[in-house]
1. Does at least one position in the stretch 156-174 carry a residue that is assigned to a loop (DSSP other than H, G, I, E, B), over 24 Å from Ser268 (Cβ atoms) and without any contact (Cβ under 8 Å) to a residue 40 or more places away in the chain?
2. Restricting attention to the stretch 247-255, does a residue exist that is within 30 Å of Ala225 (Cβ to Cβ) and either of a type in the set (Val, Ile, Thr) or in a loop (DSSP other than H, G, I, E, B) (or both)?
3. Return the residues of the stretch 91-144 that are closer than 24 Å to Gly265 by Cβ and either in contact with an Asp or Glu (Cβ under 6 Å, 6 or more places away or on another chain) or modelled with pLDDT under 95 (or both); say none if nothing qualifies.
4. I need a count of the residues in the stretch 195-211 that are buried (at least 18 other Cβ atoms within 10 Å of the Cβ) and farther than 16 Å from Gly154 by Cα.
5. Taking the criterion of being under 27 Å from Thr20 (Cα atoms), surrounded by fewer than 18 Cβ atoms within 10 Å (Cβ to Cβ) and of a type in the set (Asp, Glu), would at least one residue in the stretch 318-334 satisfy it?
6. Restricting the first residue to the stretch 199-215 and requiring it to be in a helix (DSSP H, G or I), which pairs with a second residue that is surrounded by 13 or more Cβ atoms within 10 Å (Cβ to Cβ) and of a type in the set (Lys, Arg) meet a Cβ separation below 6 Å and a spacing of at least six or different chains?
7. Return the residue satisfying two criteria in turn: it lies in the stretch 175-194 and is outside any strand (DSSP E or B) and of a type in the set (A, V, I, L, M), and of such residues it is surrounded by the most Cβ atoms within 10 Å (Cβ to Cβ).
8. Name the residues in the stretch 342-373 that are surrounded by fewer than 19 Cβ atoms within 10 Å (Cβ to Cβ), aliphatic (A, V, I, L, M) and closer than 16 Å to Pro312 by Cα, would you?
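The values are calculated or read from the model by the stated rules, or taken from the named source; none is laboratory data. Just so it is clear, the structure is predicted and the values come from calculations on it, not from any experiment. Reconstructed Cβ throughout: ideal geometry from the backbone, glycine too, with neighbour counts over all protein chains shown.
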Amino acid sequence: MQKEQPSHRITLFLCGDVMTGRGIDQILPHPGNPRLFEPYMRSALGYVELAEAVSNRIERPSDFAYIWGDALEALARRGPDLRIVNLETAVTSSEDAWPGKIIHYRMHPANLPCLTAAGIDCCVLANNHVMDWGYKGLAETLDSLHRIGIATAGAGLNATEAAMPAVMNVPGKGRVLVFAWGMEDSGVPPEWAALADRPGVNVLADLTNRSLEMVIRQIRTAKRAGDLVVASIHWGGNWGFGVSAQHRDFAHRLIDMAEVDVVHGHSSHHVKGVEVYRGKPILYGCGDFLNDYEGISGYEQYRGDLALMYFPTLEERWLIRFVMTPTETRYLRVNAASEPGRRWLMATLNREGGKFGTQVVGLGQEDFLLHWR
């Protein structure tokens with residue numbers, strides 16, 4: 001009997017912004033200080049009340065798994081090897097709100113089991129909220145995540161740490177390296193850039209050749225032959241389906257010159273089109289996967305309540321299958337998208353992805369399957 005050869009296929013779970021602070025933190029078992037400094041909201045509990053005004057009463061405290069809702073079943077069904085999210089909040093009890101910043105997100109460290117409840121392996125931290133509560137808040141965020149075994153990328157206690165990738169081994173299949181950068185055009189304050197003697201974010205100043213050379217150096221320092229490389233970038237504005245020529249060109253050069261295998265773009269509050277370039281997936285904007293925006297009006301045409309769970313499967317670093325699961329945020333949790341929501345997402349992905357030669361089709365009752373040229 002011929003021995004079955006081990007599979008070297010690696011399936012990732014990727015999504016957009018996961019914001020477990022502010023109103024979300026308030027419904028978890030250990031809510032932190034709800035005080036805010038926003039001109040229109042002084043307590044994080046106000047965001048819970050907004051959500052309840054358009055939905056139903058949300059049980060408090062909810063258990064740690066509550067916020068993931070139907071996403072847990074999708075994760076179990078798809079069985080990804082690694083689960084990677086952009087964690088867009090500080091994990092801290094710090095009271096050092098960053099001066100001059102209007103919006104401050106934080107989750108109390110005692111609520112960290114909400115991340116382990118979903119089996120998260122890696123939190124990308126290169127975004128415009130990780131330092132909302134100052135250097136102390138960043139240090140506590142890093143320490144808290146590392147203590148429970150969650151890898152981080154994109155922020156550190158100095159520039160060297162901030163540039164280091166999260167290195168994760170998939171037994172029998174190889175290593176996955178997640179590098180992360182944040183850009184000023186996504187709201188990352190330039191003074192948050194990590195320096196040799198200052199904590200901060202791994203900032204990408206622009207999309208010039210000089211920046212690309214910096215990225216190449218950072219990747220080559222850590223990469224071994226056969227490693228699968230994810231480049232996670234917080235870039236661009238919150239709204240608008242368009243993908244700039246600069247973003248697209250830089251994503252292509254990451255693949256051509258930096259040997260990146262997956263471009264994981266985020267910052268937009270809604271999903272954008274997906275491209276597959278030379279056998280490598282590019283997510284230009286993944287949307288908000290979880291937040292406390294329920295009940296806030298404005299920008300309804302972008303359907304920021306709808307999102308996707310992205311499950312690319314790569315073999316020998318080449319994309320061979322790409323499944324997506326549509327979701328909808330209601331009751332401050334992730335839910336399976338309603339049928340109108342599924343139709344809207346499919347139409348949007350096909351309209352925007354058509355510019356890049358991709359389209360999605362239904363896969364069973366729950367998922368989409370990506371086709372590409």
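1. Yes: one or more hits.
2. Among the residues of the stretch 247-255, at least one is within 30 Å of Ala225 (Cβ to Cβ) and either of a type in the set (Val, Ile, Thr) or in a loop (DSSP other than H, G, I, E, B) (or both), which makes the answer yes.
3. Tyr105, Met107, Asn127, His129
4. 1
5. There is no residue in the stretch 318-334 that is under 27 Å from Thr20 (Cα atoms), surrounded by fewer than 18 Cβ atoms within 10 Å (Cβ to Cβ) and of a type in the set (Asp, Glu).
6. Leu212/Arg253
7. Per the stated criteria, the residue is Val188.
8. Scanning the stretch 342-373 gives Val361, Leu363, Leu369.
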